[in-house]
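Heads up, the thing below is written out as structure tokens.
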Amino acid sequence: MIKNCTLHHIGYVVADIKTTAEQFVALGYQADGILYDKGLQVELCYLTKVGSATIELVHQLQEDSLEAKLLRAHDVMPYHLGLESEDFDKDCSELIALGYEALFTPASVEVLGGRRICYFYKSEIGYIELVEK
């Protein structure tokens, strides 16, 4: 059982970060700047609002990525929960032991200060992104 993870964000797949961010701003959120991670070929924007979960907008620039496929099939939508882990390697192993499929090897994200992430999938819950604290 994973006990030391907390909700970090709710991830949305988007076609245009600025357009979607404007919609969240109209709902009272504050948008941080757009971040670009060269290694992952992704643009990110975090939106915050006191008393609400952080929203992460994800614009994946690789046409064969999970996010690009979801966007083509469903348009803009929430697609993952981002959980922050205090013991990243242990929690990755624990998720696999619980039957989650790791979608790739953990990767360092430059725009997150080199913290590692990994996506997992299980049909009963969907996509989870584990984020190293």
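Listed values, structure above:
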quantity	calculated
Selected residue [in contact with a strand residue (DSSP E or B) (Cβ under 8 Å, 6 or more places away or on another chain) and within 13 Å of residue 129 (Cβ to Cβ)] from 91, 37, 32, 16	91
Qualifying positions in region 50-105 - open to solvent by 40 Å² or more (accessible area, probe 1.4 Å) and of a type in the set (D, E, K, R)	63, 64, 69, 72, 75, 86, 87, 89, 90, 94, 101
Output for region 4-49, where each listed residue is crowded, with 18+ Cβ neighbours inside 10 Å, assigned to a strand (DSSP E or B), out of contact with any helix residue (DSSP H, G or I) (no Cβ under 9 Å at 6 or more places or on another chain) and among the hydroxyl-bearing types (Ser, Thr, Tyr)	46
Matching residues, region 78-126, being touching a residue at least 60 places away in the same chain (Cβ under 8 Å), of a type outside the set (Gly, Ala, Ser) and in a strand (DSSP E or B)	78, 79, 80, 81, 83, 84
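The values are calculated or read from the model by the stated rules, or taken from the named source; none is laboratory data. All values derive from a computational prediction rather than experimental measurement. Cβ: placed from backbone, ideal geometry, glycine included. Neighbour counts: every protein chain shown. Only protein heavy atoms, including side chains, enter the accessible area calculation; ligands, DNA and RNA are left aside. Shrake-Rupley method; radii C 1.70, N 1.55, O 1.52, S 1.80 Å.
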